[in-house]
Structure formats: C-alpha cells, structure tokens
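Following: one structure in structure tokens, then a few remarks.
The values are calculated or read from the model by the stated rules, or taken from the named source; none is laboratory data. Keep in mind it's a predicted model, so treat the numbers as computed, not measured. A quick note on method: Cβ atoms are made from the backbone with ideal geometry, for glycine too, and the neighbour counts reach across all protein chains shown. Just the protein is used for accessible areas: all its heavy atoms, side chains included, with ligands, DNA and RNA removed. Shrake-Rupley method; radii C 1.70, N 1.55, O 1.52, S 1.80 Å.
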Amino acid sequence: MARVQLSGLRHQSLFRRLLLVRVVGQLQDGVIQSALAGFILFSPESQNSPAAVVGAFALLLLPYSVIGPFMGVFLDRWRRRQVLLVANLARAVMVIGLIGATLADGNVVIIGVLVLLVLGTNRLILTALAAALPRTVPADLLVPANAVAPVAGTVAAAIGAAASVSLSSAVGATQVTTAALLAVATVGLVVTALLSLRIPISALGPGADAVHETFAEVLAQLRAGARTLYRTKQPWWAVWGVMAHRAAYGIAVLLVIVASKSVLGSGSNTKALGVFALAIAAAGVAAFVGAVVTPPVVRWSSEARWSTAVVAVAAVLVPSMLMLVSTVGFVAAAAVLGFAGQSIKISTDTVVGHTIADGIRGRVFSLFDVGINVALLLGIAAAGFLIPADGTSTVLSLATGVLLAGAALLFHQSGRVYATTPTQRDNRTTLGDA
C-alpha cells in the first residue's frame with residue numbers, strides 16, 4: 001500500500017515541483033544555519049558559558065516567534081507561489097549583506113539583525129510550503145506527502161549542514177570560511193527562487209474562500225485561527241504534544257552543546273563541533289527512518305496512536321542516554337529524539353491538513369511553527385538556569401523524560417477526539433468541506 005501511495009505521488013506534477021523548491025531551498029538552509037552556528041557557538045572567539053549559548057539561541061528564535069503569527073495571516077492573503085519567489089530572492093540579498101558584515105567585523109547588532117531577517121524569512125518560506133502542500137495532492141495522498149516532503153527537506157538540510165560542518169571542522173570556523181559558505185548558499189537561494197516559477201501562480205492558493213483582512217484585523221484573525229485550532233480539538237492536542245517534545249529537545253540540545261565544549265571536547269572547539277555534528281547527523285538519519293516508517297504505520301493504526309508510542313519510548317530511553325555524558329550517549333539520544341520528532345511532525349501536519357480549512361490553514365501552520373520555536377527556546381532557556389558549567393545534570397536529563405511522557409499523554413488525548421480506525425479516519429469530513 002505504501003508503495004502504491006508513493007507511486008501516486010510521482011504522478012502529481014505540482015507536488016514534484018513544490019518538492020524540488022523545498023529540497024533545493026533547505027539544502028541552502030543547512031549550509032546557512034550550520035555556518036552561522038559554527039561561527040557563533042564553536043568559533044575560537046565564542047564563549048563556553050551556558051548563558052552565552054542560551055543568548056545565541058534567543059537571538060535565532062525569539063524575534064521570529066513574536067512576528068511569526070502575522071506571517072501566517074499574510075500567507076492567507078498572498079499567493080503562496082509568490083511568497084516562495086520573493087522571499088527566496090530577499091533572503092539571497094540579506095545573506096550577501098551578512099557576508100559583508102561578517103568579513104568587515106561588523107557591529108554585533110547589525111549582524112544580529114541580519115541573522116534574524118535571514119532566519120525569519122526562512123520560517124515564512126517553510127510555513128508557506130506547509131500550507132501549500134495539501135493543494136498539490138489528493139486527500140488520500142496527504143499522509144505520504146507529509147512524510148516525503150518534510151523528510152526530503154530535512155535530508156537536504158542535513159546534507160548542507162554536513163558539508164558546512166565538515167569544511168568548518170577541517171579549516172576552522174573562521175570569518176572567511178563562514179563567508180565562503182554563505183556565498184555558495186546565496187547562489188542556491190537564487191536557484192530556488194527560479195524553480196518556484198515552474199509552479200502556476202494560483203496553484204498553491206489561497207483559494208477564493210480565503211479570508212482577506214486589513215492589517216488592523218490581523219490580531220482578530222489570529223485569534224480566529226487559534227479558536228479554530230482549539231475547537232477542532234484533534235490538532236489542538238497534537239500541536240501541544242509536538243511542543244512538549246520540542247521543549248525536551250531544547251534541553252537536550254543545551255546539554256549536548258555545553259557538555260561537548262566543556263567535557264568531551266576537552267576545551268577544543270573543533271572537537272566539540274565534531275561531537276555536535278555527529279549528534280545532528282544521527283538525528284537527521286533517524287528522522288529519515290521515521291519518515292519512511294510513519295506513513296504505513298499510521299495507515300494501519302492512526303496518527304495519535306503512533307505519536308503516543310514513539311514519544312513514550314523516547315521518554316524511557318532519552319534520559320538515560322543523556323546521563324551517560326558520552327559521545328555514544330549523545331548520538332543515541334539525538335537519534336531517538338530525531339525519529340520521534342519526525343514521526344509526530346508528519347502525523348500532526350497531516351491532522352492539521354485534514355481538519356483545518358484552506359482559507360485559515362496558513363495562520364494555523366504559522367501559529368504551530370511559532371509554538372515549536374517558543375517551546376524549543378523555553379526548553380533551552382529553562383535549562384540555562386539550571387545547567388552546571390560542565391553540562392552534566394541528572395535533573396535536566398530526567399526533565400526531558402517528563403516532558404516526553406507529557407507529550408505521550410497529549411497525543412493520546414488527541415486520539416480520543418475522532419474515530420481512529422483507518423476506514424473511519426479516511427471518511428472523516430474536514431472543516432473546509434463542512
């Protein structure tokens with residue numbers, strides 16, 4: 001059955017074109033984010049304190065978390081194809097500015113603003129891709145589409161990140177290295193923008209039933225999106241489950257970064273970067289496995305049951321792996337979290353796509369995306385107050401298990417809302433069809 005569904009995806013021309021835009025774009029994302037992370041967190045000038053790491057992540061995540069919901073409203077007003085075109089071209093220009101500021105030892109405020117703009121625009125693009133995906137495939141192919149598209153992007157980002165980290169590890173996370181990597185990504189962003197022109201301008205929506213509000217109505221419409229999510233219940237509980245997982249992931253990220261720099265790296269940023277790179281690679285490979293496994297399992301069972309199972313297993317395994325404070329333990333924990341994270345994201349994206357009407361789906365996905373960022377940052381920030389300087393903490397390791405167990409309960413609650421047999425689930429009615 002899974003093979004038949006994947007074969008069906010190959011015949012969806014809009015899906016293939018959107019997938020290519022995602023893959024090429026996220027390849028550049030991997031290069032950009034890894035180059036910046038290596039320079040900010042693992043360069044010789046970087047600080048080893050947990051507070052410095054928390055500050056770096058706050059710089060990357062918090063501002064978009066504030067403005068992100070407004071982007072979702074605009075995604076329900078603007079042609080999503082045009083968003084992909086213009087946003088990628090705008091990112092290319094911003095990255096050029098970032099290259100100049102990096103080479104010129106620019107003011108930290110200027111560099112920070114440019115980083116925020118580059119990453120914030122990327123989140124807009126990813127939200128547009130998520131909101132547009134249900135318009136490229138029939139309803140019965142949405143589960144495999146939600147598996148193939150994000151994981152293809154994740155693999156592409158992992159490849160870009162691996163190439164970036166390998167070069168940085170070999171020659172050092174210097175200004176010149178960072179600038180060279182960003183220059184390559186700039187060209188890739190222009191190519192991504194040009195690839196979006198292969199998609200008809202109206203094909204990705206929003207449709208005629210979309211809500212067209214003025215800027216003064218933005219907050220009211222965001223509240224409407226939140227109310228829609230709450231009233232639909234099934235995606236409401238699932239979204240909270242994903243956020244609980246991301247908070248646990250945030251704690252794990254801080255533990256790995258600080259312990260890698262203080263303990264495993266023995267004071268060497270290059271060794272620490274190598275440990276962190278292995279953990280990220282393990283998470284990426286496991287995410288790919290999760291994407292392959294999830295569609296057939298979900299079709300046989302349900303999104304909620306599968307999500308509940310994978311985070312419950314993670315709740316048992318991850319704390320003990322983190323407490324080992326070893327390369328093997330960190331890599332194994334990253335793999336388990338990566339597998340669970342990809343599995344629950346595919347399942348929750350599918351639930352949102354099935355149950356939220358197209359005209360309001362953009363803002364729901366945007367709120368979901370912002371919730372993920374906020375949860376990740378809260379996990380990192382909370383850990384930053386408790387983590388010792390060497391990055392070893394039994395309390396924080398156990399906290400990841402508590403959060404993951406909470407996520408399992410939330411996914412279980414999501415599954416109680418709708419009938420969960422495959423036949424009943426395939427026949428359910430979405431809000432957009434009601």
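Between residue 93 and residue 223, what is 0.36 nm times their sequence separation minus the Cα-Cα distance? Round to one decimal in nm. Working shown, then result.
Values: separation 130, 0.36 × 130 = 46.80 nm, distance 3.34 nm.
Extra length from residue 93 to residue 223 when fully extended: 43.5 nm.
Given just the C-alpha atoms of region 219-369, how large is their convex hull per residue in cubic angstrom?
Details: hull volume 17.1 nm³, N = 151.
Residue-normalised Cα hull volume stands at 113 Å³.
Hey, could you grab the Kirkwood Rh for region 309-387? Inverse mean 1/r over distinct alpha carbon pairs, Å, one decimal.
14.6
With all protein chains present and a 1.4 Å probe, how do 249, 230 order by accessible area, largest first?
Ranking 249, 230 by accessible area, largest first, yields 230, 249.
Just subtract the alpha-carbon distance of residue 16 and residue 324 from 0.36 nm times their residue separation and send over the number in nm, one decimal. Kindly include the intermediate steps, with their values, before the conclusion.
Numbers: separation 308, 0.36 × 308 = 110.88 nm, distance 4.30 nm.
Separation in residues times 0.36 nm, less the Cα-Cα distance, equals 106.6 nm.
Given the alpha-carbon gyration tensor of region 351-395, what are the semi-axes of its equivalent ellipsoid in whole angstrom, ordered largest first, with each equal to the square root of 5 times an eigenvalue?
Details: eigenvalues 256, 18, 6 Å².
Equivalent ellipsoid semi-axes, largest first: 36, 9, 5 Å.
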If the cut-off is a Cα-Cα distance under 19 Å, which lysines reach residue 345, setting aside same-chain residues fewer than 8 apart in sequence? 233
What number results when the radius of gyration of region 76-187, computed over Cα atoms, is divided by 2.2 N^0.38 Å? 1.27
When the chain is fully extended, how far beyond the present Cα-Cα distance does residue 416 get from residue 58, taking 0.36 nm per residue of separation? 125.3 nm
Given a Förster distance of 25 angstrom, what is the FRET efficiency for residue 231 paired with residue 201, based on the Cβ-Cβ distance and rounded to 0.05? 0.15
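Only four residue types carry charge here, +1 at the Cβ of Lys and Arg and -1 at the Cβ of Asp and Glu. Report the dipole size of region 322-420 about the Cα centre in Debye, rounded to the nearest 20.
Dipole of region 322-420, to the nearest 20 debye: 200 debye.
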